[in-house]
Amino acid sequence: MKKSSELKLERSTLVASQRKIADLLKTENRAMSADEKKEFDELQKQIDDMDEEIVRAEKFEENERRDAAKAPSLLGGGDGEDKEKEKIYQRFSITKALRSVNPESRSSLDGIEKEVHEIGVAESRAAKVGSDEDFSSSVFSLPMSYMRASQQTVSQDSGAYGGALVQDNAPRIVDPLRPRLFLEDLGATFLTGLTGGDVPLVVGADFTMEFLAEGASVSTQKKTIAGPKLNPKRAAGAVSITNRLLMQSSVDAQAMIMNGIRRGFVNLLQSAAINGAGGTAPTGLLSVSGVNVSTQAAAGAATWARIVELQALIEEDDATEMMLGYLIHPKVKAALKTITKDSGSGRFLLENGTIDGDKFISTSLVPTLDASGTAVYPIVYGDWAQLYIGQWGAVNIKVNPYSEDVADSVRLTLNTHADVAIANPKAFAKNAFISA
């Protein structure tokens with residue numbers, strides 16, 4: 001099966017052939033001949049068939065990405081060491097690990113939990129991040145290879161924060177409402193296990209050529225090969241958890257704690273990727289310099305012209321087309337389903353699960369902006385393979401039993417190092433003035 005990017009390139013060739021016919025008719029100011037109608041209609045049939053193939057290929061590629069994320073191997077490797085780590089992770093208990101590093105506990109890390117901690121410490125030391133405090137006896141290092149926040153209690157608020165965990169029958173955990181995780185679906189590039197300091201993202205410029213007379217000397221060229229850098233930035237969070245919940249050995253209870261840690265970290269990265277302010281945080285797509293910007297400068301509803309304008313901005317810059325897609329707010333998604341391309345076609349801006357054949361993700365992580373008192377929502381279109389997410393070392397979890405002792409709880413402080421960068425800003429285009 002061909003990749004969706006290859007199919008889209010073939011589709012573009014077919015559309016170009018149609019455009020050639022249309023341009024000729026416009027130049028000669030006449031109607032189509034019978035042969036031209038036949039050729040045009042045949043091209044349209046091929047384009048329609050290609051659209052179906054593109055949707056099929058994109059669904060398959062998405063299935064492959066999700067399957068890879070859910071694969072039994074947590075590390076992606078196939079050697080003996082990775083398989084051994086996988087066996088260790090399958091027997092690991094996060095609640096036992098956190099109880100063991102609690103300074104008030106009479107126990108200490110041992111067994112599988114100690115092995116997992118040592119893997120995490122090794123990851124952090126190899127990445128050259130973390131301080132001596134991060135490796136103290138009250139800190140548990142959760143390996144990033146295992147990972148790939150509000151207070152949780154058992155009885156508070158009629159059990160709404162975890163009381164359902166204390167049952168004779170295995171409970172069903174219902175996660176709190178969280179924004180949809182989207183970056184991997186769109187094709188962002190994840191770099192884990194980074195070591196040392198900055199990681200440069202190399203972006204090269206094209207060489208130019210020229211026509212010369214016979215025997216004339218060609219001018220030598222020296223192109224700068226440079227790009228942005230991923231820089232390890234500290235990401236941290238704190239959560240209080242009751243001792244009663246921490247004592248639970250239920251698989252579902254442990255899964256809830258682990259999912260909360262994972263998703264809290266992932267949501268932080270994804271928010272930063274969209275709207276990070278820079279400085280100690282990553283610089284997000286809505287703030288990074290060099291991203292193409294729509295000509296729209298005041299609040300207004302989405303139109304077909306505004307959608308295709310973003311495509312044109314990228315194509316004019318000869319940007320790559322590996323993982324093209326749209327990022328939109330849920331309110332914009334709802335609006336696009338009801339807005340027609342024109343007055344007569346009956347076609348909508350969003351239909352068949354795509355926007356003009358390209359995939360999209362809607363998420364509440366896209367911010368609501370203000371344009372002279374009107375709420376507006378950005379649309380970002382581009383090649384998401386150009387968005388890089390880097391991660392250094394493990395997630396270090398410090399257990400503090402004293403700050404929440406009056407509530408019979410412990411406070412977990414989580415620290416790790418990560419960054420987000422756009423290798424090629426011109427591969428993205430944005431419109432920050434869409435009202436819905």
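The values are calculated or read from the model by the stated rules, or taken from the named source; none is laboratory data. The structure displayed is predicted, hence computed values, not measured ones. Here the Cβ positions follow ideal geometry from the backbone for every residue, glycine too, while neighbour counts run over all protein chains shown. These accessible areas exclude ligands, DNA and RNA; they are computed on the full protein's heavy atoms, side chains included. Shrake-Rupley method; radii C 1.70, N 1.55, O 1.52, S 1.80 Å.
Given a 1.4 Å probe and the protein chains as shown, Ile47 ends up with an accessible area of around 10 Å². Checking every one of the trypsin sites (Lys or Arg not before Pro) in region 337-413 against DSSP loop status and a limit of 15 other Cβ atoms within 10 Å picks out Lys337, Arg347.
For region 289-436, the dipole from Cβ point charges (+1 on Lys and Arg, -1 on Asp and Glu) about the Cα centre works out to 360 debye, to the nearest 20.
With every protein chain in place and a 1.4 angstrom probe, the accessible-area ranking of Trp384, Trp304, largest first, reads Trp304, Trp384. Only one residue of Leu369, Ile397, Tyr381 has its Cα farthest out toward the positive end of the dipole of region 358-410, where Lys and Arg carry +1 and Asp and Glu -1 on Cβ, and that residue is Tyr381. Just tell me which lysines come within less than 19 Å, Cα to Cα, of Lys87; anything on the same chain fewer than 8 places away is out. Qualifying lysines at Cα under 19 Å: Lys70, Lys96, Lys114. Within straight-line reach of Lys128, meaning a Cα separation under 20 Å, sit the following lysines at least 8 residues removed in sequence or on another chain: Lys229, Lys233, Lys398.
In order along region 395-407, the phi-based Karplus estimate (6.51 cos²θ - 1.76 cosθ + 1.60, θ = phi - 60°) of 3J(HN,Hα) comes to 9, 8, 10, 9, 9, 10, x, 9, 5, 10, 5, 5, 9 Hz; Gly and Pro are listed as x.
Ranked by solvent-accessible area (1.4 Å probe, protein heavy atoms only, all chains present), the residues Tyr326, Tyr402 order from largest to smallest as Tyr402, Tyr326.
Under 5 Å from the amide H of Phe433 lie the amide H atoms of Ile379, each residue being 5 or more positions distant or on a separate chain, with H modelled from the backbone and absent for Pro and chain starts.
Heavy-atom accessible area with a 1.4 Å probe sorts Phe265, Phe60, largest first, into Phe60, Phe265. The lysines within cross-link reach of Lys20, meaning a Cα-to-Cα straight distance under 30 Å and a gap of 8 or more places when in the same chain, are Lys2, Lys3, Lys8, Lys37, Lys38, Lys45, Lys341, Lys359, Lys426, Lys430.
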